[in-house]
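Structure first, then comments.
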Amino acid sequence: MTSNAPGKRRKNQSQYDDDLFSAASSAGEKRPPKEPLADRMRPRHFEEFVGQSHIIGEGRLLRRAIEADRLTSILLWGPPGSGKTTLANIIAHETKAHFVTLNAVLDGIKELREVVEAAESRPRNQRTVLFIDEIHRWNKAQQDSLLPHIESGTITLVGATTENPFFSLVNPLISRSRVFRLETLPDEGVRAVLERAIKDSERGLGALNLKITNEALHHWVDIAHGDARSALNALELAALTTPPGPDGMIMIDLEIAAESIQRRVVRYDRDQDEHYDTISAFIKSMRGSDPDAALYWMAKMLHAGEDPRFLFRRMLILCSEDIGLADPNAIVVVNALADAFERVGMPEGNYFLSHACLYCATAPKSNTASAIFKALNHMEQVGTAPVPLHLRDSTSNAAQSRHDGRESPSDSYKYPHLYPGAWVEQQYLPEDMERPHWYAPKRLGYEAEVYERFKGRGQISEKPE
């Protein structure tokens with residue numbers, strides 16, 4: 001381990017910090033403030049903002065509204081570290097309106113009432129812009145309390161949320177606001193944010209004599225996965241806990257960078273948008289017979305703490321929905337692997353998850369089991385018809401048959417096992433009903449055998465599917 005190794009800098013850390021900042025002050029450099037680096041480096045103008053050009057690029061609607069100070073109520077929706085709070089910070093610097101900030105985790109109706117009362121006491125020509133961070137944390141009643149004040153123009157709302165507002169916010173609030181979705185920052189954007197923080201001597205770490213290898217920078221960018229805040233936190237931790245070498249330079253290499261951000265950021269909330277998007281990608285990858293992609297999305301969910309039983313349940317559904325009769329054993333195999341998982345548990349249970357995932361992804365596919373939904377739709381649209389006489393229960397209908405003078409059901413019914421191949425043509429659908437061909441076997445796997453057998457009997461529709 002090198003002299004810069006983390007294990008050799010714990011003993012006199014506070015003394016080292018004092019010496020470091022004292023040296024910076026004696027050299028005429030500004031001592032770094034106590035606020036976290038990510039907070040200090042928030043852009044104050046559009047020229048400093050990185051990413052999100054689709055909503056704040058030159059000439060875009062949101063940027064024009066902010067620069068003209070004609071902002072209406074908006075909701076900023078995006079993943080952590082994508083710039084929601086930063087954009088609100090720019091609005092605060094650009095607007096002539098009175099800008100107020102609330103945090104939905106800490107503040108509630110009482111604080112909102114104080115903001116509204118203050119807004120109503122201001123001159124009519126001075127607007128109040130209210131920024132509410134984590135707005136999805138407010139319950140329905142708290143969100144509803146915003147509506148009359150937005151409607152009257154007392155406040156202009158800027159709400160920030162990491163969750164899908166169409167699920168987490170009340171509809172009247174959405175209808176009174178414009179929703180803007182922020183995307184994950186690209187790698188080059190995260191790197192630009194880091195490099196600016198390293199060079200900036202006023203708000204960043206430029207007062208420190210830092211030397212950071214390209215490998216270290218690349219590692220932070222790669223692991224942060226678009227979260228600029230996470231990358232800045234890692235940079236700050238590494239810079240402020242690594243002692244200088246004999247030449248006074250703080251050298252940060254890959255080893256130190258790796259310790260400062262030990263685990264890849266996985267954006268995954270088991271109750272929200274990322275959950276539904278990821279499980280959708282998992283199912284579609286198996287349906288599309290791409291085992292590598294299926295393993296990737298399953299690994300993401302497992303890494304983020306998803307319940308393996310949930311994954312087995314979804315694979316069991318896929319066994320009938322997408323594999324079906326092309327491989328009738330799929331549901332048997334996956335169900336057995338789910339049972340084995342219950343007996344063994346983790347981490348060895350990963351073998352059973354992988355086995356099931358790969359079986360589903362590589363199995364032939366048929367969605368013909370969905371024929372039941374066509375039949376159910378027919379019941380809703382057309383209704384039901386009486387059971388043909390020869391299909392009715394022979395015992396319960398014998399007396400009626402004799403009374404009507406008609407042929408007994410037992411006489412008109414053809415018992416298939418008395419015929420070659422245990423099949424005989426006869427009417428099983430209601431009388432006068434044309435065969436709908438809801439079930440059309442595919443020519444894959446086991447179902448290919450069904451196709452050939454049905455075709456030989458004339459049970460296959462000649463109409464295209």
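The values are calculated or read from the model by the stated rules, or taken from the named source; none is laboratory data. All values derive from a computational prediction rather than experimental measurement. Reconstructed Cβ throughout: ideal geometry from the backbone, glycine too, with neighbour counts over all protein chains shown.
Things to note:
- Among the residues examined, ALA119 does not qualify as modelled with pLDDT under 90, touching a strand residue (DSSP E or B) at 6+ places or on another chain (Cβ under 8 Å) and of a type in the set (A, V, I, L, M, F, W, C).
- Any hit, segment 321-328, residues being under 25 Å from the mean Cα position of the chain (by Cα) and farther than 18 Å from SER285 by Cα: no
- Unmet requirement for GLN262, which otherwise passes all of (1) modelled with pLDDT under 90; (2) over 20 Å from THR213 (Cβ atoms); (3) surrounded by fewer than 15 Cβ atoms within 10 Å (Cβ to Cβ): (2)
- Selected residue (criterion: surrounded by the most Cβ atoms within 10 Å (Cβ to Cβ)) from residues of segment 98-155 that are among the hydroxyl-bearing types (Ser, Thr, Tyr) and either over 19 Å from SER168 (Cα atoms) or not assigned by TED's automatic domain parsing to the domain that holds TRP77 (or both): THR128
- Qualifying residues in segment 271-283 (those that are of a type in the set (D, E, K, R) and surrounded by 15 or more Cβ atoms within 10 Å (Cβ to Cβ)) - the one modelled with the highest pLDDT: GLU274
- Summed over segment 183-207, residues that are among the aliphatic types (A, V, I, L, M) and either touching a Phe, Trp or Tyr at 6+ places or on another chain (Cβ under 9 Å) or modelled with pLDDT under 85 (or both) total 3.
- Test: residue in segment 173-188 that is of a type in the set (S, T, N, Q) and closer than 21 Å to ARG64 by Cβ: yes
- Helices (runs of 4 or more DSSP H) wholly inside segment 329-383 containing at least 2 residues that are within 27 Å of the chain's Cα centre (by Cα) and in the same structural domain as MET298 (by TED's automatic domain parsing): 330-344, 349-362
- Subset of segment 300-313 (residues that are exposed (fewer than 15 other Cβ atoms within 10 Å of the Cβ) and either in contact (Cβ under 8 Å) with a residue 60 or more places away in the chain or part of a helix (DSSP H, G or I) (or both)): HIS303, ARG309, PHE310, ARG313
- One residue alone among VAL221, VAL170 is crowded, with 19+ Cβ neighbours inside 10 Å and either in contact with a helix residue (DSSP H, G or I) (Cβ under 9 Å, 6 or more places away or on another chain) or without any contact (Cβ under 8 Å) to a residue 60 or more places away in the chain (or both), and that residue is VAL221.
- Filter pass, ARG176 being of a type in the set (D, E, K, R), closer than 26 Å to HIS54 by Cα, touching a residue at least 24 places away in the same chain (Cβ under 8 Å) and not assigned by TED's automatic domain parsing to the domain that holds ALA234: yes
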